[in-house]
Amino acid sequence: MLEVKNLAIGYGYLQVIQDVSLHLSAGEIVALLGGNGAGKTTTLRAIMGILPPWKGEIQFQGRPIHHLKTPEIVAQGLSYVPEGKSVFPKMTVMENLQLAISSPEAKKMKSQTLQEVFALFPRLAEPKKQKQLAGTLSGGEQRMLVVARGLMARPRLLLLDEPSLGLAPKLVQDLFAAIKKIHQQGMSIFLVEQNVHLSLQLAEHGYVLERGRIVLTGKGSELIEMEHVKKAYLGM
């Protein structure tokens with residue numbers, strides 16, 4: 001479904017990503033792991049057309065997308081959930097959700113998609129909550145809203161950037177349970193996350209990024225047992 005070939009990218013004269021190649025098959029969860037500054041978010045931004053690659057190729061469903069602009073990439077069926085709260089604070093919860101409805105399919109399926117996201121995140125389903133300004137939600141509720149907004153576009157591939165960042169442990173567990181349900185419903189997911197243990201429990205496949213290069217790859221169940229991963233990312 002997604003294939004990145006020999007990607008190089010950076011900011012100004014600073015190269016961040018060097019010769020990165022990875023792939024994701026339809027229906028998979030693939031995790032991209034690494035410490036702060038490894039280049040994880042930069043990789044996602046390149047896939048979404050926010051940063052133009054210096055070299056390399058990005059294909060989605062067999063078609064090159066690295067030359068497209070972000071709205072065109074979204075129209076192909078990719079949805080990006082950026083790190084942080086990333087809500088529109090002066091708009092209501094419902095207005096935030098409706099912003100993502102752009103394609104004919106998303107408009108046609110609006111009612112069904114709303115039911116699905118409210119089933120995943122019941123706290124957002126409360127009538128008063130739907131009318132509440134997004135900036136007044138708790139941190140956990142804002143993260144739920146950002147993920148829900150990404151789903152409103154009816155994507156074929158969901159890119160999640162640090163969804164659990166800054167959340168309390170209980171909310172992290174709740175959010176990962178929702179991600180698992182999203183995957184069980186058939187969604188392909190590319191997950192960037194510093195909670196390595198939970199990520200590898202979900203992911204069929206994982207890549208470890210260090211200083212802009214892929215240094216390890218394998219099944220999630222295999223990576224979680226590797227000594228390098230344990231020491232560097234699990235604190236074991």
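The values are calculated or read from the model by the stated rules, or taken from the named source; none is laboratory data. Owing to the predicted nature of the structure, the values given are computational and were not obtained by experimental measurement. Please note: Cβ atoms are built from the backbone with ideal geometry, for glycine as well, and neighbour counts cover all protein chains shown.
With the structure loaded, tell me whether residue 72 is surrounded by fewer than 14 Cβ atoms within 10 Å (Cβ to Cβ) and under 30 Å from residue 12 (Cα atoms) or whether it fails that test.
Yes.
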**Subset of segment 190-236 that is touching a Gly at 6+ places or on another chain (Cβ under 7 Å) and more than 26 Å from residue 26 (Cβ to Cβ) - its residue that is modelled with the highest pLDDT** = 212
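Yes/no per residue for (1) touching a residue at least 40 places away in the same chain (Cβ under 8 Å); (2) outside the structural domain of residue 71 (by TED's automatic domain parsing); (3) of a type in the set (Asp, Glu):
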position: 168; (1), (2), (3): no, yes, no
position: 171; (1), (2), (3): no, yes, no
position: 175; (1), (2), (3): no, yes, no
position: 196; (1), (2), (3): yes, no, no
position: 199; (1), (2), (3): yes, no, no
position: 203; (1), (2), (3): yes, no, no
position: 206; (1), (2), (3): yes, no, no
position: 210; (1), (2), (3): yes, no, yes
**Request:** Name every residue in segment 151-174 that is within 13 Å of residue 83 (Cβ to Cβ), hydrophobic (A, V, I, L, M, F, W, C) and not in a loop (DSSP other than H, G, I, E, B), in order of residue number.
**Result:** 159, 160
**Filtered residue count, segment 107-145, keeping only those that are surrounded by 18 or more Cβ atoms within 10 Å (Cβ to Cβ) and among the small types (Gly, Ala, Ser)** = 2
**Message:** Please determine whether any residue of segment 5-23 is in contact (Cβ under 8 Å) with a residue 60 or more places away in the chain, over 14 Å from the mean Cα position of the chain (by Cα), surrounded by fewer than 22 Cβ atoms within 10 Å (Cβ to Cβ) and closer than 18 Å to residue 190 by Cα.
**Reply:** yes
**Message:** Checking the condition over 15 Å from the mean Cα position of the chain (by Cα) and touching a residue at least 60 places away in the same chain (Cβ under 8 Å), which residue from 27, 56, 35 passes?
**Reply:** 35
**Request:** Six or more apart or on different chains, Cβ under 7 Å: which pairs go from a residue in segment 116-143 that's within 12 Å of residue 96 (Cα to Cα) to one that's of a type in the set (Phe, Trp, Tyr) and crowded, with 16+ Cβ neighbours inside 10 Å? Could you list them?
**Result:** 124/118
**Message:** Can you find a residue that is buried (at least 19 other Cβ atoms within 10 Å of the Cβ) and under 23 Å from residue 46 (Cβ atoms) anywhere in segment 167-175?
**Reply:** no
**Asked** Which residue, of 119, 178, is part of a helix (DSSP H, G or I) and either at pLDDT 95 or above or closer than 18 Å to residue 31 by Cα (or both)?
**Response** 178
**Asked** Which numbered condition trips up residue 176, out of (1) over 17 Å from residue 119 (Cα atoms); (2) touching a Leu at 6+ places or on another chain (Cβ under 7 Å)?
**Response** (1)
**Complete set of residues in segment 79-93 that are part of a loop (DSSP other than H, G, I, E, B), of a type outside the set (Lys, Arg) and surrounded by 14 or more Cβ atoms within 10 Å (Cβ to Cβ)** = 82, 83, 86, 87, 88, 91
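Table: residues versus (1) part of a loop (DSSP other than H, G, I, E, B); (2) under 22 Å from residue 48 (Cβ atoms); (3) outside the structural domain of residue 27 (by TED's automatic domain parsing); (4) not small (Gly, Ala, Ser).
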site	(1), (2), (3), (4)
95	no, no, yes, yes
101	yes, yes, yes, yes
107	no, yes, yes, yes
111	no, no, yes, no
123	no, no, yes, yes
144	no, yes, yes, yes
149	no, yes, yes, yes
